[in-house]
Every structure is written in structure tokens, then in C-alpha cells.
Amino acid sequence: MNHKAIIITGGAGFIGSHVVRLFVNKYPEYKIINVDKLTYAGNLANLKDIEQKPNYRFVKADICDFEAMLSLMQEEKVDGIIHLAAESHVDRSIKDPFTFARTNVMGTLSLLQAAKIYWESLPEKYEGKRFYHISTDEVYGALKMDGSLFTEETKYQPHSPYSAAKASSDHFVRAFHDTYGMPTIVTNCSNNYGPYQFPEKLIPLFINNIRHRKPLPVYGKGENVRDWLFVEDHARAIDIIFHKGKTAETYNIGGFNEWKNIDIVKLLISTVDRLLGRPEGADDDLITYVTDRAGHDLRYAIDSRKLQRELGWEPSLQFEEGIEKTVRWYLDNQDWMDNVTSGDYQRYYDDMYKGR
Ligand code: NAD
Ligand code: DAU
């Protein structure tokens, strides 16, 4: 497939910025249009190194704005959409579910409907087109500590407002394939980590707190398990699936890399302390057990063998190596961190952890 104009939504966010960078650098013959509303989580500083490239365009827009999406698709003659824009933080969804339904459900529907109207207006219709929706393993619910894994056949059982909204958007995407014949793909990925992640998520938040010797709020007993994947490996999977994935398929993406939260926290403390030249164990007492997240999913773990078998993708980094790289990046990019934690951030932080 020779795609010429691709919209990437949410390209100023964490994963989106890695996907935009990969596509802009790897495919100079494509035009990459980054559509992002620049919410608190969107940051154009994430894309400084590629913003001057001739095959890149940034459009500040809300995906819920159907008219704007349709006219942009018409103007740019878009033939591919990689959709990452979303509200992505579970804790925020617990406090404000409406925003999650609006962006994740209605925003996805607005993009689907705009793509449908534009592509169906063309003589070749859906030929050579692709709508690729990036989703999460959280739609499958939670696993027990029994070694089982989420496969592409696992039934949807979302628990948080975030995962319920993502599940709903996945259903709309599949419905547009089944009803109108739109060439869609959905992938469900596990927890990502790496540079440019907003410090509300466990890994960048805790790296920053350790650096500043602030308490590390571990939810519950710290025994919940997540399956961690380095963000550049996710971006690489998205590239492969966008180009070679089968229409209407679902692919799970994961790291085969399960860690209990408390073990990650200990690894982060020892890595940050070593890199800052602090004595071993100097910051162990920052660990602070706090009230658990409401409805906290016990364990996520992805079976990504279908993707490995059919498209040859596999994770490239060992977790310890990825964490070392990630911690170094945050320590070396304190300006980036200071910038995203200025403004409203402290208010968010105090509010989120107040009374826990
Ligand atoms: P993020 O919160 O870092 O970035 C989201 C981006 O979307 C931001 O740039 C934000 O400005 C933009 N955005 C939000 N609402 C918008 C709107 N209405 N219109 C246009 N832009 C809007 O998120 P992330 O962690 O990079 O996640 C990206 C996608 O990947 C999401 O769909 C998420 O569900 C999915 N995902 C994330 C992970 C993870 O571990 N972070 C894992 C699996 C799947
Ligand atoms: O599994 C994929 C999902 O991973 C994505 O779909 C989400 O967008 C992404 O945010 C992430 O969700 P989690 O809820 O797993 O990520 P988070 O970094 O918020 O939390 C990871 C674990 O750490 C989780 O068990 C909750 C715990 N935690 C988190 C924070 C922020 C703490 O113990 N303390 C904290 O302060």
C-alpha cells in the first residue's frame, strides 16, 4: 500500500510523538499530519527535532470537531489514519468520566464518520485506505495471578471509565468495518514506558519524585502487575501493522514482561540513586503506601504471539535496559520535566493524592 497522506491523532502526546517521529523520519515520501488538541497531555516540545521537516504538518484541532476533521481529510486527501488521541489516565477517568466518554467515544466516532463520508465520496472508495485505531489491554479487564494472558479472543470486560470508553471506541471501529466496509485495524497494547511520558503515570512520576526526594505514593500493597513495553517498540509495531496488518484484524501488543508495581518502584529507586551518585538505599524510605485506586485492576499480561507469528514483530529491549535508558532520559531532560510540571500540574498532583 502506498499511503501518501496520513493523519496521526494525538501526535503531541507520549506514544503519538514516537509514532510521528518514526513515520516522518522513515517515510519522507509520506505527508504526516499530526492532529492534536494540545490538552494538558499534549506537548509540541515532544516533537522539536522533526517539526521543521517538509513532510510534517501540525494541526491544532479537537477530534470531536467533525466538520474540521472532514475538511482536513478532504484538503489533504488523506488515505490513512492512525488514531491515538485519547484521554489516557485511569485516575483522571475516575474523577471525570464525561471527558473520557467525549474524547474517546465521540471523538473516535467523529473521525470514523468523517473518514466514511470522505472515502465514500471518492471513485475508488475504500481501496487503498486504512483506519488504524490504537487501543489498550485494559478493555479485557483484569487477570488473576494465575499465569493466564489476554489473547485477541479474550472477552471485553472493562472496569474503569477509561477502559469502558476505550472499549466502546473499539466497538465503533469494528462496527464501521462490519457495516460500511471501512478497512479498519485495532490493536490492544500493554503499559508503555519511555521518554516524553507525562508525569502522572507511574514511571515518570516516580523518577521525578525520587529525584526531588518526594514521597512515592504506591497504591494498595504495590502487588498489582503490569506488562511493560518500551514505547519505541510499540511505535515499531504500529508501523509494521499499519503497513502489513490484515484489514479487520485485531493484534495484541505486549512485552512478555510482567512486573509487580513494588518491584518496579525498587528498581527505579536503585537506578535513579546510582545515576545520581547517591548511596545505595538512600531513598528507600520514600515508598509510601496509600489508599488503593478504586476498582484497581489486579493484573494485565498480553499474549502477543499472533503479532510475532504473523508479522514478525518482537520487543527489542530487556526491561532493565529500557528502564536505565528511560531514567537517564528524564534525568538529562530536566527542562522538559520542569516545563510540563509548571502551571496547573501541582494543583492536579495535590488534588489527586490529597487524603490518600
Ligand atoms: P497521552 O495522554 O500521553 O496523549 C494523548 C494525546 O491526545 C495528547 O497529545 C492530547 O493532547 C491528545 N488529545 C486528547 N484529547 C484530544 C482531542 N479531543 N482531540 C485531539 N487531541 C486530543 O496518551 P498516550 O499514553 O500517548 O496514549 C496514546 C493512545 O494509546 C491512547 O489512545 C491510549 O488509550 C493508548 N494506549 C496507551 C498506553 C500507555 O501505556 N500509555 C498503552 C496502550 C494504549
Ligand atoms: O495497560 C495499558 C494502560 O497502561 C494504558 O491504556 C493507559 O493509558 C496507561 O495509563 C496505563 O494504565 P495504568 O493504570 O496501568 O498506568 P499507571 O501508570 O497509571 O499505573 C501503573 C500501575 O501503578 C497501576 O497498577 C497503578 C499504580 N500506581 C500508579 C500511580 C500513578 C501507583 O501505585 N501509584 C501511582 O501514583
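Restricting to the chain, what percent of DSSP beta bridges are antiparallel, rounded to 5? Counting DSSP beta bridges with both partners in the chain, the antiparallel share is about 10 percent.
With springs only between Cα atoms under 10 Å, which of Ser304, Ser71, Ser93 fluctuates most in a Gaussian network model of the chain? Largest GNM mean-square fluctuation: Ser71. Going from the fewest other Cβ atoms within 10 Å to the most, the residues Ile323, Ile8, Ile262 appear in the order Ile262, Ile323, Ile8. Given a 10 angstrom Cα cut-off, can you work out which residue in Asn55, Asn257, Asn333 is the most mobile in a GNM of the chain? Comparing Asn55, Asn257, Asn333 in a Gaussian network model of the chain, the most mobile one is Asn333. Each part gets one Cα centre, and for the range 331-356 versus the range 183-206 those centres are 18 Å apart. Using only side-chain charges placed at the Cβ, +1 for Lys and Arg and -1 for Asp and Glu, the dipole size of the range 222-356 relative to its Cα centre rounds to 480 debye. With unit charges on the beta carbons (Lys and Arg positive, Asp and Glu negative) and the dipole taken about the Cα centre of the range 121-223, which residue among Pro123, Thr151, Gly181 sits farthest to the positive side? The residue sitting most towards the positive pole is Thr151.
Scattering from the range 28-181 was approximated by placing one identical point on each alpha carbon and applying the Debye formula without solvent; log10 I(q)/I(0) at 0.08, 0.10, 0.15 1/Å stands at -0.27, -0.41, -0.88.
For the chain, a simple Cβ point-charge model (Lys and Arg +1, Asp and Glu -1, everything else neutral) yields a dipole of about 240 debye relative to the Cα centre. A dipole drawn for the range 203-244 from +1 and -1 charges on Cβ atoms has a positive end, and of Ala237, His212, Asn224 the residue lying farthest that way is His212.
Modelled label positions at Ala45 and Gln308, each set 7 Å beyond Cα in the direction of Cβ, lie 3.8 nm from each other. Note on Glu138, Glu200, Glu51: ascending count of other Cβ atoms within 10 Å places them as Glu51, Glu200, Glu138, the fewest first. At the listed q of 0.09, 0.10, 0.13, 0.15 Å⁻¹, the Debye profile of the chain, built from one uniform point per Cα, gives log10 I(q)/I(0) equal to -0.48, -0.59, -1.03, -1.38. Residues considered: Gly141, Gly277, Gly80. Largest GNM mean-square fluctuation over the chain, using C-alpha springs under 10 Å, is found at Gly277. Each Cα pair under 8 Å and six or more residues apart adds its separation to the average, and for the range 1-104 the resulting relative contact order is 33 percent. Remark: Val290, Val90 ranked as Val290, Val90, counting other beta-carbon atoms within 10 Å and listing the fewest first. At full extension, Lys325 and Ser121 could sit 68.7 nm farther apart than now, given 0.36 nm per residue minus the alpha carbon distance. When you restrict to C-alpha pairs under 8 Å that are six or more residues apart and normalise by the size of the chain, the relative contact order lands at 17 percent. A simple spin-label model places the labels of Thr288 and Phe256 3.9 nm from each other, with each point 7 Å out along Cα-to-Cβ.
Sorted from longest to shortest, the spans of the Cα atoms of the range 214-356 along the three principal axes equal 48, 36, 32 Å. Rounded to the nearest 0.05, the FRET efficiency derived from the C-beta distance between Ser148 and Gln52 at R0 = 56 Å is 0.70. Given R0 = 25 Å, the distance between the Cβ atoms of His296 and Gln157 translates into a calculated FRET efficiency of 0.95.
Any read-out appearing in this document is the output of simple, stated calculations on the displayed coordinates, not a laboratory observation. What you see is a predicted model; the values in this text were computed from it and never measured. Cβ coordinates were reconstructed from backbone atoms using ideal geometry, including for glycine residues, and neighbour counts include every protein chain displayed.
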